[in-house]
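I have placed the structure first, in the form of C-alpha coordinates, so that the comments after it can refer back to it.
The values are calculated or read from the model by the stated rules, or taken from the named source; none is laboratory data. Computed from a predicted structure; not experimentally measured. Methodologically, a virtual Cβ is constructed for each residue, glycine included, from the backbone with ideal geometry; neighbour enumeration extends over all protein chains shown. SASA here: full protein model, heavy atoms, side chains in, ligands and nucleic acids out. Shrake-Rupley method; radii C 1.70, N 1.55, O 1.52, S 1.80 Å.
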Amino acid sequence: MASAKGAGDITSAMQARADPALDEKDLDQVSHRKAADQIIHRAKTAAENERTMTLMQGIKLYPKAIAWSVLISTCIVMEGYDVCLINNFYAFPQFNRKYGVQLPSGEWQVPAAWQAGLSNGANVGELIGLLINGWVSERFGYRYTVIGCLGLIIAWTSLFFTAQNVQTLLAAEILCGIPWGVFQTLCITYASEVCPVAMRGYLTTYVNFCWGVGQEIGIGVIMSMLKRDDEWSYRIPYALQWMWPVPLMIGIYFAPESPWWLVRKGKLDEAKQSLLRLTSTDRETDFNADDTVAMMVHTTALEEKTTSGASYWDCFKGHDLRRTEIVCMVWAIQNLSGNSFSNYSTYFLTQAGLDPTSAYGFALGQYGMNMVGVFGAWFLMTLGIGRRSLYLYGLCGLCSMLFILGFLGLVPAEHRRESSIATGSIMLGWALTYQLTVGTVCYSLVSEISTRRLQIKTVVLGRMLYIIVGIICSVLTPYMLNPGAWNWSNFTGFFWGGVCFLCIIYTYFRVPEPAGRSFAELDLLFERGVSARQFAKTEADVFGEDVASGVLDNYHKRSSISHVEKP
(Lines give C-alpha, C1' and ligand atoms only; values in the text may rest on other atoms or scores of the structure.)
Protein backbone atom coordinates (compact mmCIF):
# COMPACT_ATOMS: atom_id res chain seq x y z
CA MET A 1 0.00 0.00 0.00
CA ALA A 2 2.81 2.38 0.90
CA SER A 3 4.58 1.88 -2.44
CA ALA A 4 1.28 2.32 -4.33
CA LYS A 5 0.64 5.52 -2.44
CA GLY A 6 4.15 6.72 -3.26
CA ALA A 7 3.61 5.96 -6.94
CA GLY A 8 0.30 7.84 -6.83
CA ASP A 9 2.00 10.86 -5.31
CA ILE A 10 4.62 10.87 -8.06
CA THR A 11 1.93 10.52 -10.77
CA SER A 12 -0.06 13.40 -9.29
CA ALA A 13 3.02 15.55 -9.16
CA MET A 14 3.82 14.77 -12.83
CA GLN A 15 0.25 15.61 -13.86
CA ALA A 16 0.46 18.85 -11.92
CA ARG A 17 3.65 19.81 -13.76
CA ALA A 18 1.98 19.01 -17.11
CA ASP A 19 -1.02 21.24 -16.33
CA PRO A 20 -0.40 24.71 -17.83
CA ALA A 21 -3.03 26.19 -15.52
CA LEU A 22 -0.71 25.71 -12.58
CA ASP A 23 2.12 28.22 -12.22
CA GLU A 24 5.46 27.58 -10.55
CA LYS A 25 4.20 28.89 -7.18
CA ASP A 26 1.30 26.43 -7.21
CA LEU A 27 3.66 23.58 -8.02
CA ASP A 28 5.88 24.54 -5.11
CA GLN A 29 2.91 24.59 -2.76
CA VAL A 30 1.84 21.13 -3.93
CA SER A 31 5.38 19.83 -3.43
CA HIS A 32 5.62 21.39 0.04
CA ARG A 33 2.28 19.94 1.09
CA LYS A 34 3.27 16.47 -0.05
CA ALA A 35 6.59 16.75 1.83
CA ALA A 36 4.75 17.80 4.96
CA ASP A 37 2.16 15.02 4.63
CA GLN A 38 4.86 12.38 4.24
CA ILE A 39 6.77 13.53 7.33
CA ILE A 40 3.59 13.88 9.40
CA HIS A 41 2.47 10.38 8.39
CA ARG A 42 5.81 8.91 9.42
CA ALA A 43 5.91 10.98 12.61
CA LYS A 44 2.45 9.80 13.62
CA THR A 45 3.48 6.18 13.14
CA ALA A 46 6.60 6.62 15.28
CA ALA A 47 4.69 8.52 17.98
CA GLU A 48 2.10 5.76 18.21
CA ASN A 49 4.82 3.12 18.47
CA GLU A 50 6.45 5.05 21.34
CA ARG A 51 3.13 5.57 23.09
CA THR A 52 2.38 1.84 23.13
CA MET A 53 5.97 0.77 23.89
CA THR A 54 6.39 -0.97 27.25
CA LEU A 55 9.45 -0.60 29.45
CA MET A 56 10.73 -4.07 28.54
CA GLN A 57 10.28 -3.37 24.82
CA GLY A 58 12.24 -0.15 25.27
CA ILE A 59 15.06 -1.97 27.05
CA LYS A 60 15.24 -4.58 24.28
CA LEU A 61 15.20 -1.95 21.52
CA TYR A 62 17.49 0.63 23.16
CA PRO A 63 20.15 -1.33 25.12
CA LYS A 64 22.95 0.66 23.49
CA ALA A 65 21.25 3.96 24.39
CA ILE A 66 21.12 2.79 28.00
CA ALA A 67 24.84 1.97 27.98
CA TRP A 68 25.91 5.26 26.39
CA SER A 69 23.66 7.32 28.67
CA VAL A 70 25.01 5.51 31.74
CA LEU A 71 28.57 6.22 30.57
CA ILE A 72 28.03 9.96 30.09
CA SER A 73 26.03 10.25 33.34
CA THR A 74 29.02 8.76 35.19
CA CYS A 75 30.63 12.22 34.88
CA ILE A 76 28.28 13.24 37.71
CA VAL A 77 30.06 10.75 40.00
CA MET A 78 33.08 13.06 40.02
CA GLU A 79 31.02 16.04 41.15
CA GLY A 80 29.20 14.04 43.83
CA TYR A 81 32.58 12.78 45.07
CA ASP A 82 34.14 16.22 45.45
CA VAL A 83 31.08 17.95 46.93
CA CYS A 84 30.97 15.12 49.45
CA LEU A 85 34.68 15.63 50.27
CA ILE A 86 34.56 19.34 50.97
CA ASN A 87 31.37 19.24 53.06
CA ASN A 88 32.50 16.24 55.10
CA PHE A 89 36.09 17.38 55.55
CA TYR A 90 34.73 19.96 58.02
CA ALA A 91 34.37 17.13 60.54
CA PHE A 92 37.77 15.63 59.60
CA PRO A 93 40.38 16.35 62.36
CA GLN A 94 43.44 16.30 60.09
CA PHE A 95 41.83 18.64 57.54
CA ASN A 96 40.80 21.07 60.29
CA ARG A 97 44.32 21.18 61.72
CA LYS A 98 45.75 22.01 58.27
CA TYR A 99 43.24 24.56 57.04
CA GLY A 100 41.40 25.67 60.22
CA VAL A 101 42.01 27.78 63.32
CA GLN A 102 42.07 26.80 66.98
CA LEU A 103 39.06 27.78 69.08
CA PRO A 104 39.37 28.89 72.74
CA SER A 105 38.24 25.39 73.73
CA GLY A 106 41.35 23.95 72.00
CA GLU A 107 39.29 22.43 69.16
CA TRP A 108 40.39 23.03 65.57
CA GLN A 109 37.72 24.26 63.13
CA VAL A 110 37.64 25.78 59.64
CA PRO A 111 35.90 29.14 60.35
CA ALA A 112 32.27 29.39 59.28
CA ALA A 113 33.13 32.12 56.76
CA TRP A 114 35.67 29.87 55.02
CA GLN A 115 33.31 26.88 55.21
CA ALA A 116 30.73 28.95 53.36
CA GLY A 117 33.38 30.21 50.93
CA LEU A 118 34.73 26.77 50.05
CA SER A 119 31.28 25.25 49.65
CA ASN A 120 30.20 28.15 47.46
CA GLY A 121 33.40 28.21 45.42
CA ALA A 122 32.21 25.21 43.41
CA ASN A 123 28.80 26.86 43.06
CA VAL A 124 30.35 29.99 41.57
CA GLY A 125 32.32 27.90 39.07
CA GLU A 126 29.22 25.90 38.21
CA LEU A 127 27.31 29.08 37.40
CA ILE A 128 30.04 29.98 34.91
CA GLY A 129 30.01 26.44 33.50
CA LEU A 130 26.24 26.45 33.12
CA LEU A 131 26.24 29.70 31.14
CA ILE A 132 29.02 28.39 28.90
CA ASN A 133 27.21 25.07 28.39
CA GLY A 134 24.05 26.78 27.11
CA TRP A 135 26.05 28.00 24.14
CA VAL A 136 28.93 25.53 23.70
CA SER A 137 26.97 22.24 23.76
CA GLU A 138 24.34 23.54 21.34
CA ARG A 139 27.07 24.71 18.98
CA PHE A 140 29.58 21.86 19.14
CA GLY A 141 27.44 18.95 20.31
CA TYR A 142 27.27 17.02 23.56
CA ARG A 143 30.19 14.63 23.06
CA TYR A 144 32.95 17.14 22.34
CA THR A 145 31.73 19.43 25.11
CA VAL A 146 31.99 16.64 27.69
CA ILE A 147 35.43 15.54 26.46
CA GLY A 148 36.76 19.10 26.70
CA CYS A 149 35.45 19.47 30.25
CA LEU A 150 37.06 16.21 31.33
CA GLY A 151 40.38 17.58 30.13
CA LEU A 152 39.90 20.62 32.38
CA ILE A 153 39.20 18.34 35.36
CA ILE A 154 42.57 16.62 34.84
CA ALA A 155 44.40 19.96 34.89
CA TRP A 156 42.64 21.58 37.83
CA THR A 157 42.62 18.61 40.18
CA SER A 158 46.32 19.35 40.69
CA LEU A 159 45.32 22.46 42.67
CA PHE A 160 43.41 20.34 45.17
CA PHE A 161 46.32 17.96 45.53
CA THR A 162 48.97 20.64 46.14
CA ALA A 163 46.91 23.20 48.14
CA GLN A 164 48.81 24.65 51.09
CA ASN A 165 46.05 26.99 52.27
CA VAL A 166 42.31 27.54 52.04
CA GLN A 167 42.78 30.20 49.35
CA THR A 168 44.19 27.59 46.93
CA LEU A 169 41.37 25.22 47.82
CA LEU A 170 38.89 27.96 46.98
CA ALA A 171 40.52 28.55 43.57
CA ALA A 172 40.39 24.81 42.85
CA GLU A 173 36.70 24.66 43.78
CA ILE A 174 35.86 27.56 41.45
CA LEU A 175 37.86 26.22 38.49
CA CYS A 176 36.63 22.63 38.81
CA GLY A 177 33.11 23.96 39.25
CA ILE A 178 33.12 25.14 35.61
CA PRO A 179 33.17 21.63 34.04
CA TRP A 180 30.94 20.30 36.81
CA GLY A 181 28.34 22.89 35.83
CA VAL A 182 28.44 21.56 32.27
CA PHE A 183 28.01 17.95 33.44
CA GLN A 184 25.00 18.84 35.61
CA THR A 185 22.76 19.76 32.69
CA LEU A 186 24.32 18.04 29.70
CA CYS A 187 24.09 14.52 31.19
CA ILE A 188 20.36 14.94 31.85
CA THR A 189 19.68 16.37 28.40
CA TYR A 190 21.57 13.58 26.66
CA ALA A 191 19.72 10.94 28.67
CA SER A 192 16.32 12.41 27.76
CA GLU A 193 17.16 12.63 24.04
CA VAL A 194 18.54 9.16 23.34
CA CYS A 195 15.64 7.11 24.71
CA PRO A 196 11.88 6.68 24.07
CA VAL A 197 9.08 7.92 26.36
CA ALA A 198 8.88 4.62 28.25
CA MET A 199 12.50 4.90 29.42
CA ARG A 200 12.82 8.66 29.83
CA GLY A 201 12.06 8.76 33.54
CA TYR A 202 14.58 6.01 34.32
CA LEU A 203 17.62 7.25 32.40
CA THR A 204 17.20 10.87 33.50
CA THR A 205 16.84 9.91 37.17
CA TYR A 206 19.88 7.63 36.94
CA VAL A 207 21.88 10.87 37.13
CA ASN A 208 20.85 11.09 40.77
CA PHE A 209 22.15 7.56 41.37
CA CYS A 210 25.53 8.78 40.11
CA TRP A 211 25.46 11.52 42.74
CA GLY A 212 24.91 8.85 45.37
CA VAL A 213 27.78 6.74 44.04
CA GLY A 214 30.17 9.69 44.18
CA GLN A 215 29.10 10.59 47.71
CA GLU A 216 29.36 7.00 48.92
CA ILE A 217 32.87 6.66 47.50
CA GLY A 218 33.83 9.98 49.08
CA ILE A 219 32.64 8.99 52.55
CA GLY A 220 34.28 5.57 52.24
CA VAL A 221 37.62 7.15 51.28
CA ILE A 222 37.45 9.64 54.17
CA MET A 223 36.64 6.86 56.67
CA SER A 224 39.62 4.86 55.42
CA MET A 225 41.84 7.88 56.14
CA LEU A 226 40.65 8.58 59.71
CA LYS A 227 43.52 6.59 61.25
CA ARG A 228 46.17 8.50 59.30
CA ASP A 229 47.62 11.53 61.05
CA ASP A 230 49.58 13.10 58.18
CA GLU A 231 48.86 15.31 55.18
CA TRP A 232 48.14 12.29 52.96
CA SER A 233 44.94 11.71 54.89
CA TYR A 234 43.33 14.52 52.87
CA ARG A 235 45.63 14.61 49.83
CA ILE A 236 44.91 11.01 48.78
CA PRO A 237 41.13 11.63 48.58
CA TYR A 238 41.78 14.60 46.31
CA ALA A 239 44.26 12.66 44.16
CA LEU A 240 41.68 9.93 43.50
CA GLN A 241 39.78 12.42 41.31
CA TRP A 242 42.36 11.71 38.59
CA MET A 243 41.11 8.15 38.15
CA TRP A 244 37.90 9.17 36.32
CA PRO A 245 38.57 11.48 33.34
CA VAL A 246 40.78 9.45 30.97
CA PRO A 247 38.59 6.30 30.79
CA LEU A 248 35.51 8.49 30.38
CA MET A 249 37.12 10.56 27.61
CA ILE A 250 37.96 7.42 25.64
CA GLY A 251 34.47 5.96 26.01
CA ILE A 252 32.60 9.20 25.23
CA TYR A 253 34.69 9.77 22.09
CA PHE A 254 33.04 6.68 20.57
CA ALA A 255 29.51 7.55 21.81
CA PRO A 256 26.82 8.53 19.28
CA GLU A 257 25.69 12.16 19.26
CA SER A 258 22.16 13.05 20.39
CA PRO A 259 19.82 12.52 17.39
CA TRP A 260 17.64 15.43 18.56
CA TRP A 261 20.65 17.77 18.45
CA LEU A 262 21.50 16.54 14.96
CA VAL A 263 17.92 17.14 13.80
CA ARG A 264 18.00 20.68 15.18
CA LYS A 265 21.19 21.21 13.16
CA GLY A 266 19.54 19.81 10.02
CA LYS A 267 21.86 16.78 9.91
CA LEU A 268 19.09 14.25 9.37
CA ASP A 269 21.16 11.51 7.77
CA GLU A 270 23.54 11.66 10.72
CA ALA A 271 20.56 11.63 13.09
CA LYS A 272 19.37 8.41 11.47
CA GLN A 273 22.82 6.84 11.81
CA SER A 274 22.94 7.91 15.45
CA LEU A 275 19.56 6.28 16.07
CA LEU A 276 20.75 3.05 14.49
CA ARG A 277 23.80 3.09 16.80
CA LEU A 278 21.51 3.61 19.81
CA THR A 279 19.15 0.74 18.97
CA SER A 280 19.22 -2.99 18.35
CA THR A 281 16.77 -3.25 15.47
CA ASP A 282 17.12 -7.02 15.25
CA ARG A 283 15.20 -7.28 18.54
CA GLU A 284 12.26 -5.06 17.53
CA THR A 285 10.86 -5.51 14.01
CA ASP A 286 8.37 -2.59 14.25
CA PHE A 287 11.09 0.03 14.74
CA ASN A 288 11.80 2.30 11.78
CA ALA A 289 14.59 4.85 12.13
CA ASP A 290 13.17 7.01 9.32
CA ASP A 291 9.83 7.27 11.12
CA THR A 292 11.54 8.24 14.39
CA VAL A 293 13.60 10.93 12.65
CA ALA A 294 10.37 12.21 11.06
CA MET A 295 8.81 12.44 14.53
CA MET A 296 11.79 14.50 15.71
CA VAL A 297 11.45 16.72 12.63
CA HIS A 298 7.72 17.23 13.28
CA THR A 299 8.29 18.07 16.95
CA THR A 300 11.10 20.49 16.06
CA ALA A 301 8.91 22.16 13.41
CA LEU A 302 6.04 22.43 15.89
CA GLU A 303 8.36 24.11 18.39
CA GLU A 304 9.68 26.48 15.72
CA LYS A 305 6.09 27.59 15.13
CA THR A 306 5.43 28.34 18.81
CA THR A 307 8.92 29.53 19.81
CA SER A 308 10.35 32.45 17.89
CA GLY A 309 14.01 31.83 18.68
CA ALA A 310 16.45 29.71 20.66
CA SER A 311 18.21 32.23 22.91
CA TYR A 312 18.14 32.60 26.69
CA TRP A 313 15.71 35.50 26.27
CA ASP A 314 13.22 33.20 24.48
CA CYS A 315 12.96 31.12 27.65
CA PHE A 316 11.09 34.05 29.19
CA LYS A 317 8.63 34.64 26.34
CA GLY A 318 5.06 33.41 26.00
CA HIS A 319 4.22 29.97 27.36
CA ASP A 320 7.93 29.14 27.60
CA LEU A 321 8.09 31.48 30.59
CA ARG A 322 5.86 29.09 32.52
CA ARG A 323 8.03 26.14 31.61
CA THR A 324 11.18 27.99 32.65
CA GLU A 325 9.59 28.98 35.97
CA ILE A 326 8.58 25.39 36.78
CA VAL A 327 11.98 23.95 35.84
CA CYS A 328 13.72 26.58 37.96
CA MET A 329 11.49 26.04 40.99
CA VAL A 330 11.50 22.23 40.79
CA TRP A 331 15.28 22.32 41.00
CA ALA A 332 15.45 25.08 43.63
CA ILE A 333 13.08 23.10 45.87
CA GLN A 334 15.74 20.40 46.16
CA ASN A 335 17.75 22.82 48.30
CA LEU A 336 14.78 24.54 49.92
CA SER A 337 13.41 21.22 51.20
CA GLY A 338 16.43 20.76 53.47
CA ASN A 339 18.99 19.17 51.16
CA SER A 340 21.70 21.69 52.04
CA PHE A 341 21.12 20.81 55.70
CA SER A 342 21.55 17.12 54.85
CA ASN A 343 24.81 17.78 52.97
CA TYR A 344 26.40 18.76 56.28
CA SER A 345 25.28 15.53 57.95
CA THR A 346 28.64 14.48 59.42
CA TYR A 347 29.41 17.96 60.70
CA PHE A 348 25.86 18.24 62.11
CA LEU A 349 26.07 14.86 63.83
CA THR A 350 29.44 15.62 65.43
CA GLN A 351 27.97 18.84 66.79
CA ALA A 352 24.98 16.83 68.03
CA GLY A 353 27.32 14.67 70.14
CA LEU A 354 28.58 11.76 68.02
CA ASP A 355 32.27 10.93 67.64
CA PRO A 356 33.72 11.30 64.10
CA THR A 357 33.75 7.55 63.36
CA SER A 358 30.07 7.14 64.28
CA ALA A 359 29.13 10.34 62.43
CA TYR A 360 30.82 9.14 59.23
CA GLY A 361 29.15 5.74 59.70
CA PHE A 362 25.76 7.43 59.67
CA ALA A 363 26.78 9.47 56.62
CA LEU A 364 27.88 6.30 54.84
CA GLY A 365 24.42 4.87 55.47
CA GLN A 366 22.81 8.12 54.33
CA TYR A 367 24.61 8.13 51.00
CA GLY A 368 23.85 4.43 50.60
CA MET A 369 20.19 5.41 51.00
CA ASN A 370 20.71 7.86 48.15
CA MET A 371 21.49 5.02 45.76
CA VAL A 372 18.83 2.67 47.08
CA GLY A 373 16.30 5.50 46.84
CA VAL A 374 16.81 5.84 43.09
CA PHE A 375 15.92 2.18 42.53
CA GLY A 376 12.97 2.64 44.87
CA ALA A 377 11.79 5.61 42.79
CA TRP A 378 12.06 3.47 39.64
CA PHE A 379 9.91 0.82 41.31
CA LEU A 380 7.28 3.40 42.27
CA MET A 381 7.23 4.75 38.71
CA THR A 382 6.71 1.24 37.31
CA LEU A 383 3.63 0.99 39.56
CA GLY A 384 2.19 3.93 37.66
CA ILE A 385 2.77 6.63 40.29
CA GLY A 386 3.33 9.92 38.47
CA ARG A 387 6.23 12.35 38.85
CA ARG A 388 3.97 15.06 40.30
CA SER A 389 2.55 12.73 42.95
CA LEU A 390 5.97 11.45 44.00
CA TYR A 391 7.33 14.98 44.21
CA LEU A 392 4.37 16.37 46.18
CA TYR A 393 3.96 13.55 48.70
CA GLY A 394 7.72 13.33 49.12
CA LEU A 395 7.82 16.98 50.19
CA CYS A 396 5.10 16.27 52.75
CA GLY A 397 7.24 13.49 54.27
CA LEU A 398 10.38 15.62 54.30
CA CYS A 399 8.57 18.49 55.99
CA SER A 400 7.31 16.21 58.77
CA MET A 401 10.78 14.78 59.47
CA LEU A 402 12.42 18.21 59.54
CA PHE A 403 10.03 19.29 62.29
CA ILE A 404 10.80 16.07 64.20
CA LEU A 405 14.52 16.95 63.98
CA GLY A 406 13.72 20.32 65.43
CA PHE A 407 11.79 18.88 68.38
CA LEU A 408 14.69 16.51 69.16
CA GLY A 409 16.64 19.63 70.06
CA LEU A 410 14.40 19.96 73.12
CA VAL A 411 15.75 16.72 74.64
CA PRO A 412 17.57 17.42 77.97
CA ALA A 413 21.39 17.57 77.93
CA GLU A 414 21.76 14.40 80.04
CA HIS A 415 20.19 12.43 77.17
CA ARG A 416 22.30 14.03 74.45
CA ARG A 417 23.76 10.71 73.28
CA GLU A 418 20.32 9.17 72.79
CA SER A 419 19.09 12.34 71.11
CA SER A 420 22.02 12.35 68.67
CA ILE A 421 21.40 8.72 67.69
CA ALA A 422 17.70 9.51 67.14
CA THR A 423 18.76 12.53 65.09
CA GLY A 424 21.01 10.34 62.93
CA SER A 425 18.20 7.83 62.42
CA ILE A 426 15.76 10.54 61.37
CA MET A 427 18.35 11.88 58.94
CA LEU A 428 18.66 8.42 57.38
CA GLY A 429 14.87 8.32 57.01
CA TRP A 430 14.94 11.82 55.54
CA ALA A 431 17.63 10.80 53.04
CA LEU A 432 15.66 7.73 51.91
CA THR A 433 12.43 9.70 51.50
CA TYR A 434 14.27 12.45 49.64
CA GLN A 435 15.86 10.02 47.19
CA LEU A 436 12.62 8.08 46.67
CA THR A 437 10.88 11.28 45.64
CA VAL A 438 12.18 14.86 45.35
CA GLY A 439 15.88 14.13 44.85
CA THR A 440 15.34 11.60 42.06
CA VAL A 441 12.11 12.70 40.36
CA CYS A 442 13.42 16.26 39.93
CA TYR A 443 15.79 15.11 37.17
CA SER A 444 12.93 13.60 35.20
CA LEU A 445 10.70 16.66 35.64
CA VAL A 446 13.26 19.20 34.46
CA SER A 447 14.13 17.19 31.34
CA GLU A 448 10.50 16.59 30.38
CA ILE A 449 8.94 19.99 31.14
CA SER A 450 11.46 21.97 29.09
CA THR A 451 10.90 22.21 25.34
CA ARG A 452 13.41 20.46 23.01
CA ARG A 453 14.31 23.66 21.18
CA LEU A 454 15.18 25.47 24.42
CA GLN A 455 15.96 22.47 26.61
CA ILE A 456 19.66 23.08 27.22
CA LYS A 457 19.07 26.74 28.08
CA THR A 458 15.96 26.07 30.20
CA VAL A 459 17.72 23.36 32.20
CA VAL A 460 20.75 25.66 32.56
CA LEU A 461 18.55 28.42 33.98
CA GLY A 462 16.93 25.94 36.37
CA ARG A 463 20.27 24.66 37.57
CA MET A 464 21.52 28.22 37.97
CA LEU A 465 18.66 29.01 40.35
CA TYR A 466 19.40 25.75 42.16
CA ILE A 467 23.00 26.89 42.63
CA ILE A 468 22.05 30.43 43.66
CA VAL A 469 19.68 29.02 46.27
CA GLY A 470 22.43 26.57 47.20
CA ILE A 471 24.87 29.45 47.73
CA ILE A 472 22.42 31.17 50.07
CA CYS A 473 21.83 27.91 51.93
CA SER A 474 25.56 27.19 52.09
CA VAL A 475 26.14 30.59 53.65
CA LEU A 476 23.37 30.13 56.22
CA THR A 477 23.89 26.46 57.15
CA PRO A 478 27.45 26.71 58.57
CA TYR A 479 26.36 29.62 60.75
CA MET A 480 23.32 27.64 61.92
CA LEU A 481 25.44 24.62 62.89
CA ASN A 482 28.85 26.05 63.83
CA PRO A 483 29.34 26.22 67.62
CA GLY A 484 31.35 29.40 67.10
CA ALA A 485 28.42 31.07 65.32
CA TRP A 486 24.64 30.69 65.84
CA ASN A 487 24.87 27.09 67.15
CA TRP A 488 21.22 26.20 66.38
CA SER A 489 21.97 22.47 66.19
CA ASN A 490 18.67 20.50 65.91
CA PHE A 491 16.58 23.67 65.92
CA THR A 492 17.73 24.17 62.33
CA GLY A 493 15.05 21.61 61.46
CA PHE A 494 12.32 24.10 62.35
CA PHE A 495 13.67 26.64 59.85
CA TRP A 496 13.93 24.20 56.94
CA GLY A 497 10.62 22.56 57.85
CA GLY A 498 8.83 25.91 57.46
CA VAL A 499 10.50 26.56 54.10
CA CYS A 500 9.61 23.03 52.96
CA PHE A 501 5.93 23.67 53.78
CA LEU A 502 5.92 26.62 51.37
CA CYS A 503 7.41 24.34 48.70
CA ILE A 504 4.49 21.94 49.16
CA ILE A 505 2.02 24.74 48.37
CA TYR A 506 3.93 25.75 45.23
CA THR A 507 4.16 22.16 43.95
CA TYR A 508 0.42 21.56 44.39
CA PHE A 509 -0.59 24.53 42.25
CA ARG A 510 2.20 24.77 39.67
CA VAL A 511 3.96 21.45 38.91
CA PRO A 512 2.19 19.36 36.18
CA GLU A 513 2.32 15.64 35.41
CA PRO A 514 4.48 14.92 32.30
CA ALA A 515 4.60 11.10 32.59
CA GLY A 516 3.67 9.22 29.42
CA ARG A 517 3.56 12.34 27.24
CA SER A 518 5.59 12.81 24.09
CA PHE A 519 7.60 16.01 23.79
CA ALA A 520 5.15 17.29 21.16
CA GLU A 521 2.15 16.63 23.46
CA LEU A 522 3.83 18.55 26.28
CA ASP A 523 4.48 21.44 23.90
CA LEU A 524 0.79 21.54 22.97
CA LEU A 525 -0.48 21.38 26.56
CA PHE A 526 1.76 24.24 27.63
CA GLU A 527 0.79 26.28 24.57
CA ARG A 528 -2.88 25.90 25.52
CA GLY A 529 -2.16 26.96 29.10
CA VAL A 530 -3.58 23.79 30.72
CA SER A 531 -3.40 24.04 34.52
CA ALA A 532 -1.03 21.77 36.46
CA ARG A 533 -3.87 19.86 38.12
CA GLN A 534 -5.56 19.13 34.76
CA PHE A 535 -2.44 18.11 32.85
CA ALA A 536 -2.83 14.35 33.29
CA LYS A 537 -6.51 14.40 32.24
CA THR A 538 -6.29 16.58 29.12
CA GLU A 539 -6.13 15.03 25.65
CA ALA A 540 -3.59 16.41 23.20
CA ASP A 541 -3.76 15.71 19.44
CA VAL A 542 -0.48 17.09 18.15
CA PHE A 543 -1.10 15.91 14.59
CA GLY A 544 -4.30 17.95 14.40
CA GLU A 545 -2.17 21.10 14.75
CA ASP A 546 -1.17 23.09 11.70
CA VAL A 547 2.58 23.15 11.10
CA ALA A 548 4.05 25.30 8.37
CA SER A 549 4.73 22.96 5.44
CA GLY A 550 7.68 25.08 4.37
CA VAL A 551 9.44 24.35 7.64
CA LEU A 552 8.94 20.63 7.19
CA ASP A 553 10.02 20.85 3.57
CA ASN A 554 13.34 22.40 4.59
CA TYR A 555 14.03 19.34 6.71
CA HIS A 556 12.64 17.07 4.00
CA LYS A 557 15.10 18.33 1.39
CA ARG A 558 18.09 17.57 3.64
CA SER A 559 17.05 14.06 4.55
CA SER A 560 17.22 10.62 2.96
CA ILE A 561 13.80 9.86 4.47
CA SER A 562 12.19 11.63 1.50
CA HIS A 563 13.62 8.95 -0.78
CA VAL A 564 12.78 5.87 1.29
CA GLU A 565 9.21 4.63 1.15
CA LYS A 566 7.91 2.95 4.24
CA PRO A 567 7.40 -0.78 3.50
- What is the spin-label model distance, in nm, from TRP232 to ALA171 if the labels are put 7 Å beyond Cα along the C-beta direction? 2.6
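Can you give the local net charge around GLU257? Use residues other than it whose beta-carbon is closer than 14 angstrom to its beta-carbon, Lys and Arg +1, Asp and Glu -1.
+4
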- Enter the accessible area per residue of the stretch 194-332 (Å², integer; probe 1.4 Å; all protein chains in place). 37
- Task: Name the shape class, rounded, prolate or oblate, that the alpha-carbon gyration tensor gives for the stretch 130-246, where a ≥ b ≥ c are the square roots of its eigenvalues, rounded holds for a/c under 1.5, and otherwise prolate holds if a/b is larger than b/c and oblate otherwise.
- Result: oblate
- Task: Beta carbons within 10 angstrom, averaged per residue: use that to sort the peptides 325-331, 52-58, 439-445, highest first.
- Result: 439-445, 325-331, 52-58
- Point-to-point label distance, ASP37-ALA67, nm (Cα→Cβ direction, 7 Å offset): 4.3
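State whether the stretch 355-422 is rounded, prolate or oblate according to the following rule on the C-alpha gyration tensor (a ≥ b ≥ c being the square roots of its eigenvalues): a/c under 1.5 gives rounded; otherwise a/b larger than b/c gives prolate, and the remaining case gives oblate.
Because a/c hits 1.5 or more and a/b fails to exceed b/c, the stretch 355-422 counts as oblate.
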- Message: Would any residue of the stretch 258-296 have its amide N under 17 Å from a label point 7 Å out along Cα→Cβ of GLU48? List them or say none.
- Response: 285-296
- Query: Using mean Cβ contacts within 10 Å as the protection proxy, how do 448-460, 397-409 order, highest first?
  - Reply: 448-460, 397-409
- Local electrostatic count at GLY177 - Lys and Arg +1, Asp and Glu -1, tallied over other residues with Cβ under 13 Å: -3
- Linear extension gain, ASP355 paired with PHE140, 0.36 nm per residue minus alpha-carbon span: 72.4 nm
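What does the charge add up to near TRP211, with Lys and Arg as +1, Asp and Glu as -1, over the other residues with Cβ less than 15 Å from its Cβ? Don't skip to the end; give the middle numbers.
Working: positive: ARG463; negative: GLU79, ASP82, GLU126, GLU216.
Local charge sum for TRP211: -3.
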- Message: Distance between the C-alpha centers of the stretch 34-88 and the stretch 172-242? Whole Å please.
- Response: 20
- Quick one: of LYS64/LYS272; LYS44/LYS64; LYS44/LYS317; LYS98/LYS227, which pairs are farther than 22 Å apart, Cα to Cα? LYS44/LYS64; LYS44/LYS317
- For the stretch 132-184, calculate the relative contact order in percent as a whole number, restricting contacts to Cα pairs under 8 Å that are 6 or more residues apart. 40
- Item | Cα→Cβ-extended label distance, 7 Å offset, between LEU321 and MET243, nm | 5.0
- Note on the structure: Ranked output for segments 497-504, 65-72 by mean other Cβ atoms within 10 Å, highest leading, reads 65-72, 497-504
- Quick one: pull the percent of accessible area on the stretch 183-330 belonging to carbon and sulfur, 1.4 Å probe, ligands and nucleic acids left out. 60
- Taking 0.36 nm per intervening residue step and subtracting the Cα-Cα distance, what contour gain separates SER425 from ASP282 on full extension? 46.5 nm
- How high is the relative contact order of the stretch 226-300, in percent, counting Cα pairs under 8 Å that sit 6 or more residues apart? 25
- Task: Would you kindly state how much longer the chain becomes between TYR508 and SER531 on full extension, computed as 0.36 nm times their sequence separation minus their alpha carbon distance, in nm to one decimal?
- Result: 7.2 nm
